[in-house]
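In what follows, a structure is listed as structure tokens, so that the remarks can point back to it.
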Amino acid sequence: MILKNITKIYNQGKSNEVQALKDISVNFQKGKFTAIMGRSGSGKTTLINVLGLMDKPTQGTYKIEETDVFNLSETEQGLFRNGHIGFVFQSYYLENKLTALENVMLPTLINDDIKKEERSKKAIILLDKLGLKGRMNHYPNELSGGECQRVAIARALINDPEIIIADEPTGNLDSKTEIEIFEMLKSISKEDRYVIIVSHNETIKKYADKVLYLNDGVLSDDIK
Amino acid sequence: MISNKDAFILAKKNNKKKRIRHIILTSVITIMLFMIILPFSYHKSSSNELENLLKHEYQTRVVSILQPNEEQLERVKKFAKETDYVVKFLEEDVPLYEMNILNLPKLPTNVLITTKSAIPYNSPEGKIIIDGRSIKNEDEIICSKRMFFEQNMSDINDSFEMKDYIGTTLKVRFRKHKAEGFVNDFVEREYKLVGTFNSEITRSSQTCYIKESEFDRQIPEIIESWDKSWGSGLYLKSYFDIEKASEALAGISRATSSHDLEFDKKLLAIITIEAGIIMFINVIIFIIYLKNYIKDNYKTMTLYKALGFTKKETQKVILFQILQSFILALAIVLVVTFIGAVILRIYYYYTAKAYITNVVKIDLVAITIFLALLLTIILYLIKRHTKIIDKFTVKELIKE
């Protein structure tokens, strides 16, 4: 998973031009838990958009397993995202009108590789694995923050993606649950996946195999 | 690609707890439906009568001349020649044809009065058969569901049901009727009553229909005249000329027209314009509502994008969400309209002491155009307001 010379400029050529990412080049390793740390406004969300194919950079290339993903069409990128990338967000973004089980099954609705009858089986196994067997028919507003985040992790994992991108996954959780989530993500990375966490939480350093720092759009190995 | 079934189920779940929206949508659509039914259906309901009158419009603007002497007749002729708003002067007495049924235990009077001029053949087209069937052969006849013993009666107690006589043979007499009385010649024919149709309570409800070819055979004469009038008369250009002509020929004239078609046309135009304006406003409300509805779903759309849904898949779910609300709203409208119609019928039946069935007919063409228009608006708005999906990023999720 290689990003090369990624630059993202908002409002290019206008008076309010902002360079959010500045010539970022990085090589992520499979099976490793990578943390990207940075202050608010350092370009973390922009980097997540680029990593998750939610936005295209102004310049630069991005290769995942030899596929130059920026050359894919919008539809192809959607399919790629569905099969290869799992998102975990700070505020979970679970659908309130769906149960935990239905939320986890949501990405499988568009995945032709998973048969219809397999969807719920797979979701139940995942929820069980994440300790939510008894909560799968509950709605998000009936679950605790930690439970919601575990549902979101299960949703990210349901299509068996190689890449997990988590944006401040413990931002809304207490310290005990925070540790549980970090340990869970750490173990997920051991399943031969890329796990990339963007956070400003110092605790993450204890779990990350590699820590990168983002400062004013520049990515480096050191705190500046 | 998400299957239709999955998209439908997902849309149904997304629509949960959005009843207020359904109610708003329902109200808007109800008003819109009502507005479109009113002018078009009003027009359709009265179109037979109005169109016939409009075809022979001048015949409805008449001043009768009452048995003039020679001097008066010359005065009228001169007036007709010199006055630019007089279309025509008709001197002769105008006969009518009357049809009587002779062998019913309770005899209705003056069935099917016609002059065969304004209405060459009074067609049963558009009549709703209540019992039996419509006419197919020349020896068959259909009649109003209810017949009155005397003309101009509207009390239901003075009437009787014709359906009891379906299958029986009716002996019918055709007779020419002139101002001075019946002409002695008459024709009698037998017809089998095969059905009854819905009709309102008016003089013209005392109607029976036979096949057009049979009608022409029995009444071969084509008479140039106005409807339901005898004597000489002046046809005038405008409804407003009637008063002028009556005044000019005071003492020998009588205004016979009772129908201001100009007013009818204006009324219809006003109703149509008003309904059009209200409908236009409703369409705008509908568009704003849909636009906001789609925009309210931007966060969900961003989440779907993050999960890998393509733009088309997201559009499909949103379309199903809107269609589900829309179909629910239409179903509510239909039920409410049906209940309303039943209540109105019961109300009229018991309060007006009359058999009133002149209900507004729904114009299916107008409804079809209306539904197609709404569907087009829905599809256009979904396409237009979901174009932006490609630009949605994680930032859209974080937005408050």
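The values are calculated or read from the model by the stated rules, or taken from the named source; none is laboratory data. Predicted model only: the values in this text are computed from it and were never measured. As a convention, Cβ positions derive from the backbone with ideal geometry for all residues, glycine included, and neighbour counts pool all protein chains shown.
Couple of notes before you dig in:
- Looking only at region A:25-40, and only at residues there that are small (Gly, Ala, Ser) and surrounded by fewer than 15 Cβ atoms within 10 Å (Cβ to Cβ), the one that is nearest to the other protein chains (Cβ to nearest Cβ): A:SER40
- Scope region A:50-61; condition in contact (Cβ under 8 Å) with a residue 40 or more places away in the chain and not β-branched (Val, Ile, Thr); matching residues: A:LEU51, A:GLY52, A:ASP55, A:PRO57, A:GLN59, A:GLY60
- Applying the criterion of being surrounded by fewer than 17 Cβ atoms within 10 Å (Cβ to Cβ) and more than 14 Å from every other protein chain (Cβ to nearest Cβ) to the residues of region B:299-327, the residue that is modelled with the highest pLDDT is B:LEU323.
- Residue match in region B:269-289 (condition: modelled with pLDDT of 75 or more, within 30 Å of B:LYS395 (Cβ to Cβ), of a type outside the set (D, E, K, R) and exposed (fewer than 13 other Cβ atoms within 10 Å of the Cβ)): yes
- Filter result (outside any loop (DSSP other than H, G, I, E, B) and within 9 Å of chain B (Cβ to nearest Cβ)) within region A:91-111: A:GLU102, A:LEU106, A:PRO107, A:LEU109, A:ILE110
- Lone qualifier among B:LEU303, B:LEU307 - being touching a Leu at 6+ places or on another chain (Cβ under 7 Å), touching a residue at least 12 places away in the same chain (Cβ under 8 Å) and under 30 Å from B:LYS387 (Cβ atoms): B:LEU303
- The condition (being of a type outside the set (A, V, I, L, M) and without any contact (Cβ under 8 Å) to a residue 12 or more places away in the chain) is satisfied by just one residue among A:GLU95, A:GLU66: A:GLU66.
- Positions within region A:124-141 being aliphatic (A, V, I, L, M) and closer than 21 Å to A:PHE182 by Cα, in sequence order: A:ILE125, A:LEU126, A:LEU127, A:LEU130, A:LEU132
- Breaking point among (1) at the interface with another protein chain (Cβ under 9 Å from one of its Cβ atoms); (2) buried (at least 18 other Cβ atoms within 10 Å of the Cβ), for A:GLY43: (1)
Conditions (1) touching a Pro at 6+ places or on another chain (Cβ under 7 Å); (2) closer than 29 Å to A:ASP68 by Cβ; (3) surrounded by fewer than 15 Cβ atoms within 10 Å (Cβ to Cβ); (4) polar (S, T, N, Q), marked per residue:
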position: A:GLY83; (1), (2), (3), (4): yes, yes, no, no
position: A:GLY86; (1), (2), (3), (4): yes, yes, no, no
position: A:LEU98; (1), (2), (3), (4): no, no, no, no
position: A:MET105; (1), (2), (3), (4): no, no, no, no
position: A:LEU109; (1), (2), (3), (4): no, yes, no, no
position: A:SER120; (1), (2), (3), (4): no, no, no, yes
position: A:LEU127; (1), (2), (3), (4): no, no, no, no
position: A:LEU132; (1), (2), (3), (4): no, no, no, no
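- Exclusive hit being assigned to a helix (DSSP H, G or I), without any contact (Cβ under 8 Å) to a residue 24 or more places away in the chain and not hydroxyl-bearing (Ser, Thr, Tyr), set A:ILE124, A:ILE153: A:ILE124
- Only one of the numbered conditions (1) without any contact (Cβ under 8 Å) to a residue 60 or more places away in the chain; (2) within 13 Å of A:TYR92 (Cα to Cα) is not met by A:GLU180, and that is (2).
- Verdict on A:PHE80 being touching a strand residue (DSSP E or B) at 6+ places or on another chain (Cβ under 8 Å), within 12 Å of chain B (Cβ to nearest Cβ) and within 16 Å of B:THR302 (Cβ to Cβ): no
- Filtering B:VAL28, B:VAL63 for residues that are modelled with pLDDT of 65 or more and part of a helix (DSSP H, G or I) leaves a single hit, B:VAL28.
- The residue list A:LYS8, A:LYS22, A:LYS4 contains one member that is part of a strand (DSSP E or B), away from chain B (no Cβ under 14 Å) and within 14 Å of A:ASP216 (Cβ to Cβ), which is A:LYS22.
- Residues satisfying the stated conditions in region B:245-268, i.e. β-branched (Val, Ile, Thr) and modelled with pLDDT of 65 or more: B:ILE252
- Taking region B:177-222 as the range and being at pLDDT below 65, of a type in the set (Val, Ile, Thr) and buried (at least 17 other Cβ atoms within 10 Å of the Cβ) as the test, only B:ILE201 passes.
- Remark: A:MET37 matches the filter, which requires a residue to be in contact (Cβ under 8 Å) with a residue 60 or more places away in the chain, at negative phi and not in a helix (DSSP H, G or I).
- Inclusion of A:GLY60 among residues that are at positive phi and either within 14 Å of another protein chain (Cβ to nearest Cβ) or in a strand (DSSP E or B) (or both) is warranted.
- Within region A:65-77, considering residues that are among the charged types (D, E, K, R) and part of a helix (DSSP H, G or I), the one farthest from the other protein chains (Cβ to nearest Cβ): A:GLU76
- Residue among A:ILE114, A:ILE164 that is surrounded by 22 or more Cβ atoms within 10 Å (Cβ to Cβ), within 13 Å of another protein chain (Cβ to nearest Cβ) and under 30 Å from A:VAL50 (Cβ atoms): A:ILE164
- Selection within region A:134-146: residues that are surrounded by fewer than 15 Cβ atoms within 10 Å (Cβ to Cβ) and in a helix (DSSP H, G or I). The member of this set that is nearest to the other protein chains (Cβ to nearest Cβ) is A:ASN141.
- Cβ-Cβ under 8 Å pairs, at least 6 apart or on other chains, region A:78-90 side part of a helix (DSSP H, G or I), far side hydroxyl-bearing (Ser, Thr, Tyr): A:GLY78/B:THR310; A:LEU79/B:THR310; A:PHE80/A:THR67
- The single residue among A:THR61, A:THR99, A:THR75 that is among the hydroxyl-bearing types (Ser, Thr, Tyr) and closer than 30 Å to A:MET184 by Cα turns out to be A:THR99.
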